[in-house]
Amino acid sequence: MVETLTHTTFDVQAIRQHFPVLNRVVKGKPLVYFDNAATTQKPQVVIDALTDYYKNYNANIHRGIHSLAEEATAAYEATRDTVQQFINAKQREEIIFTRGVTESINLVAYTWARTNLKAGDEIIISGMEHHSNIVPWQLIAEITGAKLNVIPVNDNGELIMEEFHKLLNEKVKLVSVVHASNSLGTINPVKEIIDAAHKVGAIVMLDGAQSTVHLDIDVQQLDCDFFAISSHKVYGPTGIGVLYGKRALLEAMPPFMGGGEMIKDVTFEKTTWNDLPYKFEAGTPNIADTVALKAALDFVSGIGKSTIRKYEDELLRYATEQLQSIDGIRLVGTAKHKVSVASYVVEGVHPQDLGILLDNQGVAVRTGHHCTQPLMNRFGIPGTTRASFAMYNTKEEIDVMIAGLHKAIKLLR
Amino acid sequence: MAEVKSIAETEEEIVDEFSLFDSWDEKYEYIIDMGKKLKPLEDEHKKEENKIKGCQSTVWMVSELKDGKVFYRAESDAVIVKGLVSMLIRVLSGHAPKEIVDAKLEFIDKIGMKQHLAQTRSNGLLSMVKQMKLDATVYQAKQQMN
């Protein structure tokens, strides 16, 4: 991937200028936004791309002959090219726009899995999956009679790979795992998983909801079969996401939803499907948000993911140190390889109480089970408090959280 | 024994108490204090059918009708919710079913805690109020049948 701009030093104050919401005051205090794993804030260029589209060239795409339709189509399709480069897909036809990771996973479940799985087949997921990478497979297992197996997680919040290898056999047709955990931050050894799964003839889907914003994604090098992305976790708008799929698989899959755009010819006797990627994009798509997604990806590439990652790693290291210095705090998720997520529990304190009191200090963290109930059960806790960092966060903000924690713990105990 | 205060009077009392606080910190401190002081519910009552489940914290609540008045007892695993619940009990417990059903509970808004009603997913205070009123409605119906 080509990085168009290289910052020699990372200037976080300059970065912050791009994000208008960071000027917000919450409960009389400057906003400290540490809920980036849930959704990231949007830079001005993304907001501008949205308004520019609606102000200047809003039109329905692909079939219009007039100028506005042509401009809108060009912008929409330009995002596809940008996504292709962003994850290094071989062809633009392999990039399908969806509403987000949840829809991407469901698309694969209801098309590929539904037609390819039968009773006795096996699906492997992991013990740290988001509910969106559990429930669709449970539904499909119910329909097809396939069996769902789970890779266990160790005390550090890492997958127990020996157990994964034991689960592999010829009956396994699909492995669907999270690239980086939303609750713990763990980066999973997906290359090892993909290569091993392919050896037994299984295909692999990766949930890239958390990884896409932090890690360099090269789907060809990974050799994954499907990869799911949510735009709003990569500084882009909500309501838009991506399913990458290998062309041969996408070609062989039946459509997901029927409607306009996804057809070639419709008669009451027989309808034929449109070519890729349009076969999977029924109806008028989310044009504005797709167009603005390009602005988000360009923004990230402009700064450079490796530069951002280096900075975020520093934030994570600092936050981890500071958290560990507080008496009675236990970090949940101490994997060797992590994205910038710090999840913790405080002895004798309910996460919800902490969340309310931190919000009272202007600090936005997430508390609860993070839509990973089985993982919380694994650790025997109802939930955690999670601080997740983005490129615009600072060490000073971490200090604010730590001070808020001291105050909250004193009150609550 | 002093005369039992009406629901509106207790609401007014709580609003007065909160008016003494200048900051959110103090308000929460007071709520947490009330939460800590709430009499714990016996374990036998902490069962599934007494659960009012929010997304993050759990409230257990039981009620009984005694001499025509409803009495509530409740507990939560989160202390701020426990404090809010303790205020609701203080306001509603010991009143006739009809009074409880008709209670407007404007004090929640007046003390600045309305956000906790809106965030139904995160702490279930709204479900809590609903359940308390539902219990009262059931007792009211039973009274009318007798």
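For A:Val400, indicate whether it is crowded, with 23+ Cβ neighbours inside 10 Å and modelled with pLDDT of 95 or more. Spell out how you get there, then give the answer.
On the way: crowded, with 23+ Cβ neighbours inside 10 Å: no; modelled with pLDDT of 95 or more: yes.
Taking the combined requirement at face value, the residue does not satisfy it.
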Does A:Arg366 satisfy being surrounded by 19 or more Cβ atoms within 10 Å (Cβ to Cβ) and of a type in the set (Lys, Arg)? yes
Return the pairs, sorted by first residue and then second, in which the second residue is in a helix (DSSP H, G or I) and among the small types (Gly, Ala, Ser), the first residue lies in region B:21-39 and is under 13 Å from A:Lys410 (Cα atoms), the beta carbons are less than 7 Å apart, and the residues are 6+ apart or on different chains. B:Ile32/B:Gly83
Among the residues that make up region A:80-88, is at least one of them without any contact (Cβ under 8 Å) to a residue 60 or more places away in the chain, under 21 Å from A:Lys305 (Cβ atoms) and outside any loop (DSSP other than H, G, I, E, B)? yes
Quick one: count up the residues across region A:329-344 that are in contact with a helix residue (DSSP H, G or I) (Cβ under 7 Å, 6 or more places away or on another chain) and either assigned by TED's automatic domain parsing to the domain that holds A:Ser183 or not aromatic (Phe, Trp, Tyr) (or both). 7
Test of understanding: among A:Val108, A:Val190, A:Val175, which residue is assigned by TED's automatic domain parsing to the domain that holds A:Val204, within 20 Å of A:Pro374 (Cα to Cα) and modelled with pLDDT of 95 or more? A:Val175
Which numbered condition A:Lys407 misses (of (1) surrounded by 19 or more Cβ atoms within 10 Å (Cβ to Cβ); (2) within 14 Å of chain B (Cβ to nearest Cβ)): (1)
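For B:Glu12, are the conditions met, namely being more than 24 Å from B:Asp109 (Cα to Cα), away from chain A (no Cβ under 13 Å) and of a type outside the set (Phe, Trp, Tyr)?
The answer is no for B:Glu12.
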Of everything in region A:26-58, what is modelled with pLDDT under 95 and of a type in the set (A, V, I, L, M)? Give them in sequence order. A:Val26
The residue that is surrounded by the fewest Cβ atoms within 10 Å (Cβ to Cβ), considering only those in region A:119-149 that are assigned to a strand (DSSP E or B) and touching a residue at least 40 places away in the same chain (Cβ under 8 Å), is A:Glu122
Have a look at A:Asp313, A:Asp275 and point out the one that is modelled with pLDDT of 95 or more and among the acidic types (Asp, Glu). A:Asp313
Meets criteria (in contact (Cβ under 8 Å) with a residue 24 or more places away in the chain, away from chain B (no Cβ under 14 Å) and within 30 Å of B:Gly112 (Cβ to Cβ)) for A:Asp353: no
Output the residues belonging to region A:374-397 that are assigned to a loop (DSSP other than H, G, I, E, B), in contact with a Pro (Cβ under 8 Å, 6 or more places away or on another chain) and buried (at least 24 other Cβ atoms within 10 Å of the Cβ). A:Gly383
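Of all residues in region A:239-251, which are farther than 14 Å from A:Thr98 by Cβ and touching a residue at least 12 places away in the same chain (Cβ under 8 Å)?
Initial filter on region A:239-251 (farther than 14 Å from A:Thr98 by Cβ): A:246-249, A:251.
Within region A:239-251, A:Lys246, A:Arg247, A:Leu249, A:Glu251 meet the criteria.
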Counting only residues that are farther than 21 Å from A:Asp399 by Cβ and either modelled with pLDDT of 95 or more or outside any helix (DSSP H, G or I) (or both), region A:346-373 contains a total of 8
With the condition being within 13 Å of chain A (Cβ to nearest Cβ), I'd like the helices (runs of 4 or more DSSP H) fully within region B:19-104 carrying at least 2 qualifying residues. B:24-37, B:79-92
Away from chain B (no Cβ under 14 Å) and farther than 30 Å from A:Leu148 by Cα, is that true of A:Ser301? yes
Going by the structure shown, is A:Asn156 over 16 Å from A:Trp112 (Cα atoms), assigned to a loop (DSSP other than H, G, I, E, B) and in contact (Cβ under 8 Å) with a residue 24 or more places away in the chain? yes
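Quick one: in region A:332-350, which of the residues that are more than 21 Å from A:His179 (Cβ to Cβ) and touching a Ser or Thr at 6+ places or on another chain (Cβ under 7 Å) is nearest to the other protein chains (Cβ to nearest Cβ)? Steps first, please.
Quick first cut of region A:332-350, residues more than 21 Å from A:His179 (Cβ to Cβ) only: A:344-350.
Pick out the ones that are also touching a Ser or Thr at 6+ places or on another chain (Cβ under 7 Å) and you get A:344-345, A:350.
Details: A:Tyr344: 15, A:Val345: 13, A:His350: 4 Å.
Among them, the one singled out is A:His350.
The values are calculated or read from the model by the stated rules, or taken from the named source; none is laboratory data. Please read these numbers as outputs of a predicted model, since none were measured by experiment. With ideal geometry, Cβ positions are generated from the backbone for all residues, glycine too; neighbour counts draw on all protein chains shown.
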